[in-house]
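Heads up: the structure comes next, in structure tokens.
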Amino acid sequence: MIDRNKILVKSLYSPLSVILVEINRMAEVILKELDSQGRILIPIRWRKEWKSRKLVLTRRGKRIELIPIEAIPPSDLFDSIKISENVDFTDPHSLKKALLELQEH
């Protein structure tokens, strides 16, 4: 029986990358150096899978996560917020009050 608290890892090494295979999950790790301006090059085969050039960078202690942001088409937002029909959309205070009431419910 596998102890879920321990990580089971197999490592395969090549000159350009390290491939880590964990239980039912695969991660590819490539070793890179920062240039003199603190930049790194993200492999093109990774970037081709992304639908946007915008990324969220998250620092967790000594780790940095890069998460690509996918654009949301405005049509996906249609009817996503239900506001009372009595709201005056020309009055920002009325609109703000209606949105705050939504958060309370």
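For residue 55, the residues whose amide H sits under 5 Å from its own are 69, ignoring neighbours fewer than 5 places away on the same chain, with H placed 1.01 Å from N.
For residue 76 and residue 42, the FRET efficiency from 1/(1 + (r/R0)^6), where r spans their Cβ atoms and R0 equals 30 Å, is about 0.65. Straight Cα distances below 12 angstrom link residue 54 to the aspartates and glutamates 70, with same-chain residues fewer than 8 positions distant left out.
Each reported figure results from applying straightforward, stated rules to the coordinates on display, with no laboratory input. Keep in mind it's a predicted model, so treat the numbers as computed, not measured. Quick reminder, even Gly has a Cβ in these numbers, built from the backbone with ideal geometry, and neighbours come from all protein chains shown.
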